[in-house]
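Engineer: I have a structure here, written as structure tokens, and I will follow up with some questions on it.
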Amino acid sequence: MIQLRNIQKSFGNQPVLKGIDLTVKKGEVVSILGPSGSGKTTLLRCINFLERPTEGEVMIDDITVSSQKGSKKEILTLRKKTAMVFQQYNLFRHKTVIENVMEGLIVVQKNSKETARKLAMEVLEKVGLTEKANAYPVQLSGGQQQRVGIARALALNPEVILLDEPTSALDPELVGEVLEVIKRIAEEGITMIIVTHEVSFAKDVSDYIVFMDQGEIVEEGTPTVIFNNPKEERTKRFFKRINREAGILESNLSSVI
Amino acid sequence: MDITLIFDFFPKLISYLHITLLILVAAVAIGLVIGVVIALIRIYKVPVLNRLAFIYISFMRGTPILIQLFLIYFGLPALLTLVHIDASRANPLLFVAITYGLSCGASFAEIIRGAINGVEKGQAEAAYSIGMNEKQMMVRVILPQALVIAFPNFANSVIGSLKDTSLAFTIGVMDMVGRGNTLIATSLHALEIYLTLSMIYYGVVICLEKGFSLSEKKLQRFEGSLSAEK
Ligand SMILES: Nc1ncnc2c1ncn2[C@@H]1O[C@H](COP(=O)(O)OP(=O)(O)OP(=O)(O)O)[C@@H](O)[C@H]1O
Ligand SMILES: [Mg+2]
């Protein structure tokens, strides 16, 4: 189980997160939605302490790390329980696909090379990239790179995978393959926290939706409740805008066709 | 001038090429160690050491290598006598290696520092996100990429050092130039000898450049420059 308690974060004197509380149960998929600049990325980065919160604590299983007192060692333990998928993939450029996946297995989890290779191959199988095992990241399409990013995270068998807009750097025609992979691993019961702008995907894959605005959780609940019966004005407005943009996109498309 | 003399001098001089290369290899090896250490000191802004590193780099940059050579040649034994070590009979090659090593170290440090800063920030974050500690991140993710980024500047610097070694004779090292000078004294054919020397240096530099550009391509295969599959 993952629990965030009163997570606050300021950059300088600008508050970006104003006290976030969130509980994610094992095997749950939680999607975080919200307008640009609402603090979604920052929240995700606070969970693995890529960004140290100004206030609050992060609890994963048996370990609790507090914003101020959290030592390097505790942070390292916390990070070993998490993995992250980045918007810009951030694959290790000097390593092949399989080496990217093996790296954490060997260096962090101290597996032997053979074990790591075997595990990595299994995970690459899941994301459908076994035949690219020896390619370098630059030789892959964005969609393929992101699938490697997912494989690298998945291989570590973490308590939770944090995904920050995994498809928003992709060309539209490559979004599908990545979403499909995420959906597949969601069905395997991997705990995930996903920041995304893909509303219909979030509706489809999530057990729980969190809507953020201006550093706060405005509304949270099951997809049915949040998408069909949002209570808060800000949530309603957000979905209205999203729908309008989607509509505009569609009408543009149809006028092109 | 007698151009055919070049054929005479060529074998005599090139038989001392290994001394030149030895100096270069020693200097680059010492320089790499110093360079990485100093670059890390500067990146992590280690108190006191960072200040010293800055002074060291700026001093090496701001003084001619010939003067540095003499400073080490006369200064090091003087320092060592303070701790009762007699270095006055030490092989001058040693002083040359130290001087050029220090000089390479200063330029490598700046090249490596720039290259480390040039590695994408996301690479470190990815390393941390899979649970690496700072050292693993640096050694396994950042440095390998930084060395590739640094390589072209590094190659230039090495070629510069090779040419600088031609000053080693001034403290009595018998390298190609040292040998050339003794030949000049006995044969009085200075121009032919310098012509021969220039040909040898030029040849070596061309070979180095070729070698570097091949290794660069190999190193950067992951940058896509050689990717046939793309
Ligand atoms: N390192 C930083 N230094 C200063 N301000 C920052 C930093 N990182 C984020 N911010 C600010 O914090 C706020 C929230 O940023 P964040 O990236 O978390 O938003 P987001 O919800 O992920 O937005 P988007 O949907 O555009 O990705 C923004 O106003 C941003 O300018
Ligand atoms: Mg963001």
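The values are calculated or read from the model by the stated rules, or taken from the named source; none is laboratory data. Quick caveat: nothing in here was measured; it's all calculated off a predicted structure. Methodologically, a virtual Cβ is constructed for each residue, glycine included, from the backbone with ideal geometry; neighbour enumeration extends over all protein chains shown. The accessibility values were calculated without ligands, DNA or RNA, using every heavy atom of the protein model including side chains. Shrake-Rupley method; radii C 1.70, N 1.55, O 1.52, S 1.80 Å.
Engineer: At 222 nm, what helix-only mean residue ellipticity would chain B give, in deg cm²/dmol to the nearest 500, using -39500 (n - 2.57) for each DSSP H run of four or more?
Structural biologist: Theoretical 222 nm ellipticity from helices: -25000 deg cm²/dmol.
Engineer: Return the Cα extents of chain A along principal axes one, two and three, sorted largest first, each rounded to a whole Å.
Structural biologist: 57, 55, 33
Engineer: Just the accessible area for A:Glu122, please: 1.4 Å probe, Å², rounded to the nearest 10?
Structural biologist: 100
Engineer: I've got another one for you. Can you give the translational diffusion coefficient of the stretch A:29-174 in µm²/s, computed by Stokes-Einstein from the Kirkwood radius over Cα pairs at 20 °C and 1.002 mPa s?
Structural biologist: 132
Engineer: Then there is this: State, as an integer percentage, the relative contact order of the stretch B:5-223 based on alpha-carbon contacts under 8 Å between residues 6 or more apart.
Structural biologist: Result for the stretch B:5-223 is 31 percent.
Engineer: Which number comes out as Rg/Rh for the stretch B:13-104 once both Rg and the Kirkwood Rh are worked out on C-alpha atoms?
Structural biologist: 1.03
Engineer: Please identify the helices of chain B, taking whole runs of DSSP H, that span at least 15 Å along their own axis as judged from the Cα atoms and have a mean Kyte-Doolittle score of 0.0 or higher.
Structural biologist: Result, helices passing both filters: B:17-43, B:49-62, B:65-82, B:92-118, B:143-164, B:176-187, B:190-219.
Engineer: Okay, moving on. Under a no-solvent Debye model with one identical scatterer per Cα of the stretch A:1-102, what's log10 I(q)/I(0) at q = 0.12, 0.15, 0.16 Å⁻¹?
Structural biologist: Log10 of I(q)/I(0), two decimals: -0.44, -0.68, -0.77.
Engineer: Place a +1 charge on the Cβ of each Lys and Arg in the stretch A:13-106 and a -1 charge on the Cβ of each Asp and Glu, then give the dipole magnitude about the Cα centre in debye, rounded to the nearest 20.
Structural biologist: 200
Engineer: Say a site is exposed when it is one of the trypsin sites (Lys or Arg not before Pro), sits in a DSSP loop, and has at most 13 other Cβ atoms within 10 Å; what is then the longest site-free stretch of chain A? Present the calculation step by step, with values, prior to reporting the outcome.
Structural biologist: Numbers: sites that count: A:Lys25, A:Lys26, A:Lys69, A:Lys110, A:Lys231.
Answer from the scan: A:111-230.
Engineer: Also, quick follow-up: Using only C-alpha atoms and all pairs of different ones, pull out the Kirkwood radius for the stretch A:91-154 in Å with one decimal.
Structural biologist: Details: mean 1/r = 0.0892 Å⁻¹.
That comes to 11.2 Å for the stretch A:91-154.
Engineer: Within the set of other residues whose C-beta is less than 15 Å from the C-beta of B:Ser187, count the net charge using Lys and Arg as +1 and Asp and Glu as -1.
Structural biologist: Around B:Ser187, the charge tally is -1.
Engineer: Further question: Hey, what's the per residue convex hull volume over the C-alpha atoms of the stretch B:5-223, in cubic angstrom?
Structural biologist: On the way: hull volume 30.2 nm³, N = 219.
So the per-residue Cα hull volume is 138 Å³.
Engineer: Excluding B:Ser215 itself, calculate the net charge of residues whose Cβ lies under 13 Å from the Cβ of B:Ser215, where each Lys or Arg counts +1 and each Asp or Glu counts -1. List each step's numbers first, then the result.
Structural biologist: Numbers: positive: B:Lys210, B:Lys217, B:Lys218, B:Arg221; negative: B:Glu209, B:Glu216.
Value of the local net charge: +2.
Engineer: Would you mind working out the magnitude of the charge dipole of the stretch B:104-218 relative to its Cα centre, with +1 at each Lys and Arg C-beta and -1 at each Asp and Glu C-beta, to the nearest 20 Debye?
Structural biologist: So the magnitude is around 220 debye.
Engineer: Largest first, how would B:Tyr194, B:Tyr202, A:Tyr136 line up by accessible area (1.4 Å probe)?
Structural biologist: My answer, sorted largest first, is B:Tyr202, B:Tyr194, A:Tyr136.
Engineer: Could you state the principal axis extents of the C-alpha atoms in the protein assembly as shown, from the largest down, to the nearest angstrom?
Structural biologist: 101, 58, 44
Engineer: Might you work out the accessible area of A:Leu162 for me, using a 1.4 Å probe with all protein chains in place, and round it to the nearest 10 Å²?
Structural biologist: Per-residue accessible area (A:Leu162): approximately 0 Å².
Engineer: Roughly how many percent of the accessible protein surface of chain A is carbon and sulfur, given a 1.4 Å probe and a whole-percent answer?
Structural biologist: 47
Engineer: So, one more: Suppose we compare each residue of the stretch A:105-138 in its chain alone and in the full protein complex with a 1.4 Å probe; which ones drop by at least 20 Å² of accessible area?
Structural biologist: In the stretch A:105-138, residues shielded by partner chains: A:Val107, A:Val108, A:Tyr136, A:Val138.
Engineer: If I take every Cα pair under 8 Å that is 6 or more residues apart in the stretch A:104-215, average their sequence separation and divide by the length, what percent do I get for the relative contact order?
Structural biologist: Working: 91 pairs, mean separation 26.0, N = 112.
Once normalised by length, the contact order is 23 percent.
Engineer: Sort all Cα-Cα distances of the stretch A:115-241 into consecutive 5 angstrom bins from zero, then give the percent of pairs in each bin up to the one containing the longest distance.
Structural biologist: 2, 10, 19, 20, 17, 13, 8, 6, 4, 1, 0
Engineer: Quick check: with the 1.4 Å probe, what order do B:Asp164, A:Asp164 take by accessible area, largest first?
Structural biologist: B:Asp164, A:Asp164
Engineer: Further question on the same structure: Could you work out the mean count of beta carbons from other protein chains within 10 Å of each residue's beta carbon in B:120-126?
Structural biologist: 6
Engineer: Hey, another quick one. Roughly how much accessible area, to the nearest 100 Å², goes out of reach of solvent when A and B pair up, both sides summed, probe 1.4 Å? Walk me through the numbers on the way to the answer.
Structural biologist: Details: alone 12870 and 13260 Å², together 23720 Å².
Adding both sides of the contact gives about 2400 Å².
Engineer: List the trypsin sites (Lys or Arg not before Pro) in the stretch B:1-86 that DSSP assigns to loop (not H, G, I, E or B) and whose Cβ has at most 16 other Cβ atoms within 10 Å. Which are they?
Structural biologist: Working: sites: B:Lys12, B:Arg42, B:Lys45, B:Arg51, B:Arg61; in loops: B:Lys45.
Qualifying residues, ordered by number: B:Lys45.
Engineer: Could you state the accessible area per residue of chain A in Å², with a 1.4 Å probe and every protein chain left in place?
Structural biologist: Per-residue accessible area for chain A comes out at 45 Å².
Engineer: Let me confirm one metric for peptide B:130-139, namely the mean number of other chain beta-carbon atoms within 10 Å of its residues' beta-carbons.
Structural biologist: The mean count of partner-chain Cβ atoms within 10 Å per residue comes to 6.
Engineer: Among A:Gln68, A:Leu4, A:Pro137, whose Cα projects farthest towards the positive end of the dipole of chain A, with charges put on the beta-carbon of Lys, Arg (+1) and Asp, Glu (-1)?
Structural biologist: The listed residue farthest towards the positive side: A:Gln68.
Engineer: Same structure, new question: Check the straight Cα-Cα distances from A:Lys113 and name the lysines below 24 Å, setting aside those fewer than 8 residues away within the same chain.
Structural biologist: A:Lys80, A:Lys81, A:Lys95, A:Lys126, A:Lys132, B:Lys135
Engineer: What is the Cα centroid distance between the stretch A:1-68 and the stretch A:106-137, reported in whole angstrom?
Structural biologist: Answer, in whole Å: 30.
Engineer: Further question on the same structure: Could you work out, residue by residue across A:47-56, how many beta carbons of other chains sit within 10 Å of that residue's beta carbon, and then give the average as an integer?
Structural biologist: For this peptide, the per-residue mean of nearby foreign Cβ atoms is 1.
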